[in-house]
Amino acid sequence: AQKVTQTQTSISVVEKTTVTMDCVYETRDSSYFLFWYKQTASGEIVFLIRQDSYKKENATVGHYSLNFQKPKSSIGLIITATQIEDSAVYFCAMREGDNYAQGLTFGLGTRVSVFP
Amino acid sequence: ETAVFQTPNYHVTQVGNEVSFNCKQTLGHDTMYWYKQDSKKLLKIMFSYNNKQLIVNETVPRRFSPQSSDKAHLNLRIKSVEPEDSAVYLCASSRDWGNSYEQYFGPGTRLTVL
């Protein structure tokens, strides 16, 4: 069975610095997709970035980038030049295989607080 | 505006009542989902549905059922609510073609069972 683990419950950073959060996953499938989402204080869940298992290059979108270490089953999220509005709960998620209708398995989330 | 819409935002009810939540997506997606987010913020898939298949998480009690009129709508019915059903219910959608697999979420419906 697939499993996603985020061990950091909360991280505090000063704005304009870089924050890194960890995520490890378990899967028996050779093909899988990894996602990071952000849940704001209002409860809105926003898709941030995705990594496909077959791609060696780390994905980058805006000031979000990933550190994909496939041998360690690890997919870290890096946010550079943080802003106050980056304060949120960040969820790592995974979907196995090519079944488009399969739901995502989520980690428990990491709360990031960005201070001036 | 294209997005995932949910109604109501909040619902308070008593044990044993039936409730129904609505979800509509205007993204042109083919697959829709319902997730439950509990008080510890854990998000768990309940159902996923497209015109080919309905996938039900085996841990979902039978009092929950999805209802779809077309690919843009997926409602959630709870036949006889229990206190443990208090949670936020989130609807999501995704494409099932191309290489865009990410899911887009609605704002959620917060259910409180007294």
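Here, each number is a calculation from the coordinates, and none is a lab measurement. If you're wondering where the values come from, they're calculated on a predicted model, not measured in any experiment. Neighbour counts run over all protein chains shown; Cβ positions are idealised from the backbone, glycine included.
Counting residues in segment B:66-87 that are of a type in the set (D, E, K, R), in contact with a strand residue (DSSP E or B) (Cβ under 7 Å, 6 or more places away or on another chain), within 14 Å of chain A (Cβ to nearest Cβ) and in contact (Cβ under 8 Å) with a residue 40 or more places away in the chain gives zero.
Quick grid of which residues meet (1) closer than 22 Å to A:R95 by Cα; (2) not aliphatic (A, V, I, L, M):
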| residue | (1), (2) |
| --- | --- |
| B:N51 | yes, yes |
| B:K79 | no, yes |
| B:A87 | no, no |
| B:R95 | yes, yes |
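Applying the criterion of being more than 14 Å from every other protein chain (Cβ to nearest Cβ) and not aliphatic (A, V, I, L, M) to the residues of segment A:94-116, the residue that is nearest to B:F47 (Cα to Cα) is A:S113. Residue-level analysis places B:A3 among those that are out of contact with any Cys (no Cβ under 9 Å at 6 or more places or on another chain) and over 30 Å from A:T5 (Cβ atoms). Report whether or not A:F91 is away from every other protein chain (no Cβ under 14 Å), assigned to a strand (DSSP E or B), touching a Lys or Arg at 6+ places or on another chain (Cβ under 9 Å) and not charged (D, E, K, R). Against the criterion (away from every other protein chain (no Cβ under 14 Å), assigned to a strand (DSSP E or B), touching a Lys or Arg at 6+ places or on another chain (Cβ under 9 Å) and not charged (D, E, K, R)), A:F91 does not qualify. Against the conditions (1) surrounded by fewer than 18 Cβ atoms within 10 Å (Cβ to Cβ); (2) under 16 Å from the mean Cα position of the chain (by Cα), A:T110 satisfies every one except (1).
Check whether at least one residue in segment B:3-18 is polar (S, T, N, Q) and within 13 Å of chain A (Cβ to nearest Cβ), and report yes or no. Yes: one or more hits.
Pick out the one residue from B:T7, B:T59, B:T31 that is more than 11 Å from the chain's Cα centre (by Cα), within 24 Å of A:F47 (Cβ to Cβ) and among the hydroxyl-bearing types (S, T, Y).
B:T31
Elements of the type strands (runs of 3 or more DSSP E) sitting completely within segment A:32-76 and holding at least 3 residues that are more than 14 Å from chain B (Cβ to nearest Cβ): these cover A:64-69.
Within segment B:9-31, track down each residue that is at negative phi, part of a loop (DSSP other than H, G, I, E, B) and touching a Ser or Thr at 6+ places or on another chain (Cβ under 6 Å). Those that are at negative phi, part of a loop (DSSP other than H, G, I, E, B) and touching a Ser or Thr at 6+ places or on another chain (Cβ under 6 Å): B:T26, B:L27, B:H29. Checking each residue in segment B:24-52 for being more than 13 Å from B:S94 (Cβ to Cβ) and touching a residue at least 60 places away in the same chain (Cβ under 8 Å) picks out only B:Q37. Looking across segment B:105-114 at every residue that is of a type outside the set (A, V, I, L, M) and in a strand (DSSP E or B), the one that is farthest from the other protein chains (Cβ to nearest Cβ) is identified as B:T112.
Residues are listed down the side, and each one gets a yes or a no for (1) within 25 Å of B:K36 (Cα to Cα); (2) surrounded by 18 or more Cβ atoms within 10 Å (Cβ to Cβ); (3) without any contact (Cβ under 8 Å) to a residue 24 or more places away in the chain:
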position: A:T20; (1), (2), (3): no, no, no
position: A:F33; (1), (2), (3): yes, yes, no
position: A:Y37; (1), (2), (3): yes, yes, no
position: A:F47; (1), (2), (3): yes, no, yes
position: A:Q51; (1), (2), (3): yes, yes, no
position: A:K56; (1), (2), (3): no, no, yes
position: A:Y64; (1), (2), (3): no, no, no
position: A:I78; (1), (2), (3): no, no, no
